[in-house]
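Visitor: Below are the structure tokens for one structure; questions will follow.
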Amino acid sequence: MICLGRLMLALCGFLVTGALLGAVPPKLEQGPEHSSLVGQVLIASPKIADPRFQRTVILIVRHSKEGAVGIIINRPIGEHSIASLLAMLGENGSSVDGDVQIFAGGPVQPEAIFIIHTTDYARSETIPINGRVAVTSSSQVFRDIARDNGPRRTLIAFGYAGWGPSQLEAELARNDWFTAAADAELIFEERRERVWDSAMARRFRDL
């Protein structure tokens, strides 16, 4: 597992920095020999001892020969006002009401905000994941949420988990992670303390 590095900053930085600053996201081409896990969740094996990843469930949002990017969906860290999030992004949110739950998305670039949401909402910078969920990084999402024009369900995370070329494949071969299909119920509705157990149940159901 990579915690820092130029490669994963290039792969993942576009989701926040690129969207906010107007940069063009890089295209991660999938070769015919590469089986992408985008739209799947990684489920931490019970043998993972690293406290950063014990019993984590990670939604894969990018996966190619260059590496993989995922966001942990079961590490809530508290609630924050939408106004404070806008202020953090350098915008005036003094007139915006409401609180949202925040998650720790992973140890890399913890200042980066990732908004996973249902597909009833889309902007030009929205990145579809699997037809059921998408990712958007734009301060406008918070304004839309406050005005009841945002997505029906959201998961707002700081940071991400990243892998270099072939690294995730090696960890899967060691059975460090299991995989299962991601769905909106698991990501948005399941009680967070039950997400790992529910994901494991999905894994065995899908075998």
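The values are calculated or read from the model by the stated rules, or taken from the named source; none is laboratory data. Small disclaimer: the values here were computed from a predicted structure and weren't measured. Positions of Cβ are generated from backbone atoms using ideal geometry, with glycine treated the same way; all protein chains shown enter the neighbour counts.
Visitor: If a residue has to be assigned to a loop (DSSP other than H, G, I, E, B), touching a Ser or Thr at 6+ places or on another chain (Cβ under 9 Å) and surrounded by fewer than 23 Cβ atoms within 10 Å (Cβ to Cβ) to count, how many in segment 39-85 make the cut? So that I can check it myself, show each step before the final result.
Guide: Start the filter on segment 39-85 by keeping residues that are assigned to a loop (DSSP other than H, G, I, E, B), which leaves 39, 45-56, 65-66, 73-75.
With the extra rule that they be touching a Ser or Thr at 6+ places or on another chain (Cβ under 9 Å), the set shrinks to 48, 65, 73-75.
So of that shortlist, the ones also surrounded by fewer than 23 Cβ atoms within 10 Å (Cβ to Cβ) come out as 48, 65, 75.
The total comes to 3.
Visitor: Could you please let me know if Ile145 is more than 13 Å from Leu59 (Cα to Cα), buried (at least 19 other Cβ atoms within 10 Å of the Cβ) and touching a residue at least 40 places away in the same chain (Cβ under 8 Å)?
Guide: Details: more than 13 Å from Leu59 (Cα to Cα): yes; buried (at least 19 other Cβ atoms within 10 Å of the Cβ): yes; touching a residue at least 40 places away in the same chain (Cβ under 8 Å): yes.
Against the criterion (more than 13 Å from Leu59 (Cα to Cα), buried (at least 19 other Cβ atoms within 10 Å of the Cβ) and touching a residue at least 40 places away in the same chain (Cβ under 8 Å)), Ile145 qualifies.
Visitor: Now for a separate question. Could you go through segment 8-21 and let me know if any residue there is among the small types (Gly, Ala, Ser), closer than 27 Å to Gly150 by Cα, over 19 Å from the mean Cα position of the chain (by Cα) and at pLDDT below 90.
Guide: First pass over segment 8-21, keeping only residues among the small types (Gly, Ala, Ser): 10, 13, 18-19.
Narrowing the set further to residues that are closer than 27 Å to Gly150 by Cα leaves 13, 18-19.
When the remaining residues are screened for being over 19 Å from the mean Cα position of the chain (by Cα), the result is none.
Scanning segment 8-21 turns up no residue that is among the small types (Gly, Ala, Ser), closer than 27 Å to Gly150 by Cα, over 19 Å from the mean Cα position of the chain (by Cα) and at pLDDT below 90.
Visitor: Next question, about the same structure. How do the pairs read when you match residues in segment 48-62 that are closer than 19 Å to Arg202 by Cα with residues anywhere that are of a type in the set (Asp, Glu) and in a loop (DSSP other than H, G, I, E, B), using Cβ under 7 Å and keeping only pairs 6 or more apart or on different chains?
Guide: Pairs found: none.
Visitor: Next question. Which of (1) under 19 Å from Arg152 (Cβ atoms); (2) outside any loop (DSSP other than H, G, I, E, B) does Gln109 not meet, given it meets every other one?
Guide: Only one criterion is unmet by Gln109, namely (1).
Visitor: Still on this model: Sort through Glu111, Glu91, Glu125 and tell me the only one that's in contact with a Pro (Cβ under 9 Å, 6 or more places away or on another chain), surrounded by fewer than 19 Cβ atoms within 10 Å (Cβ to Cβ), farther than 17 Å from Phe188 by Cβ and touching a residue at least 12 places away in the same chain (Cβ under 8 Å).
Guide: Working: Glu111 fails: in contact with a Pro (Cβ under 9 Å, 6 or more places away or on another chain); Glu91 fails: in contact with a Pro (Cβ under 9 Å, 6 or more places away or on another chain).
It is Glu125.
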